[in-house]
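Colleague: Below are the structure tokens for one structure; questions will follow.
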Amino acid sequence: YGRNIYANITNFVRFQFSTNVAAIATMFLAPLLTKFIPLSAIQILWINLIMDGPPALALGVEPPEKDAMSRKPRDPKAPFLNIPLATSILFFGLIMCAGTVLVFAYSILYEASLAKASTIAFTTFVMFQLFNAFNCKSTTQSILSNAFSNKYLVAATLASLALQICIIYNPYLSSIFGTVPLSLDEWAMII
């Protein structure tokens, strides 16, 4: 039970920090490459409050891994933020940043409006987050072996995706968030 609590806290921290690294890096790097800011203040708040919250909470109730008791106990004197955890936070954060910035830069070059490019970048970032939540479920097991072991994470991800779709296609919400409808081709690029 204690090992599971520790693993869930680690997974939660990895998810939250990698998302924050990605957001900060994206907001600094994108303007350097494109001269435009990809995400508005309200979109960043949406990401931090709505897209981060439910998946992060669901990671806190991840069921224990089957081999948890067969692993060597961790050193109680070891620091929580160790090199493997910090490396994975930076690695996943920079991948999310790179993907978001590349999609934004590509969209700026080939799309007619900044609003469309921003919506694509915003949705790409959100999709990265949702996939990253599943990525952060375990440090020892492949996502292919345990994708549906946490029903709360599946529900939180589906709810977050539904909310993202609402703010893109609902005219009232899209006017608040500065989003525009996306085509199937654009969704394909995002995914």
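Colleague: Which ones in segment 163-182 are among the small types (Gly, Ala, Ser) and open to solvent by 50 Å² or more (accessible area, probe 1.4 Å)?
Modeller: Residue satisfying the conditions is Ser175 alone.
Colleague: Would you mention how many residues in segment 155-180 are assigned to a helix (DSSP H, G or I) and in contact (Cβ under 8 Å) with a residue 12 or more places away in the chain?
Modeller: 13
Colleague: On to the next question. Quick test of your reading of the structure: Val126 fulfils all but one of (1) at pLDDT 95 or above; (2) within 22 Å of Phe28 (Cβ to Cβ); (3) among the hydrophobic types (A, V, I, L, M, F, W, C); (4) open to solvent by 30 Å² or more (accessible area, probe 1.4 Å). Name the failing condition by number.
Modeller: Just one mismatch for Val126, condition (4).
Colleague: If you don't mind, another one. Any idea which of Thr26, Thr10 is more than 24 Å from Leu158 (Cα to Cα), out of contact with any Gly (no Cβ under 8 Å at 6 or more places or on another chain) and in a helix (DSSP H, G or I)?
Modeller: Just one listed residue meets the conditions, Thr26.
Colleague: Of the residues Leu33, Leu49, which is modelled with pLDDT of 90 or more, part of a helix (DSSP H, G or I) and among the aliphatic types (A, V, I, L, M)?
Modeller: Matching residue, one of Leu33, Leu49: Leu33.
Colleague: Open to solvent by less than 20 Å² (accessible area, probe 1.4 Å), under 22 Å from Ala156 (Cβ atoms) and polar (S, T, N, Q): does that describe Ser18?
Modeller: Against the criterion (open to solvent by less than 20 Å² (accessible area, probe 1.4 Å), under 22 Å from Ala156 (Cβ atoms) and polar (S, T, N, Q)), Ser18 qualifies.
Colleague: Now for a different question. How many of the residues making up segment 142-191 are β-branched (Val, Ile, Thr) and more than 19 Å from Ser118 (Cβ to Cβ)?
Modeller: Adding up the residues that qualify gives 3.
The values are calculated or read from the model by the stated rules, or taken from the named source; none is laboratory data. Values in this document were obtained by computation on a predicted structure and should not be read as measured data. Ideal geometry is used to build each Cβ from the backbone, glycine not excepted, and the neighbour counts take in all protein chains shown. Ligands, DNA and RNA are stripped out before the accessible areas are found, and what is left, the full protein with its side chains, is counted by its heavy atoms. Shrake-Rupley method; radii C 1.70, N 1.55, O 1.52, S 1.80 Å.
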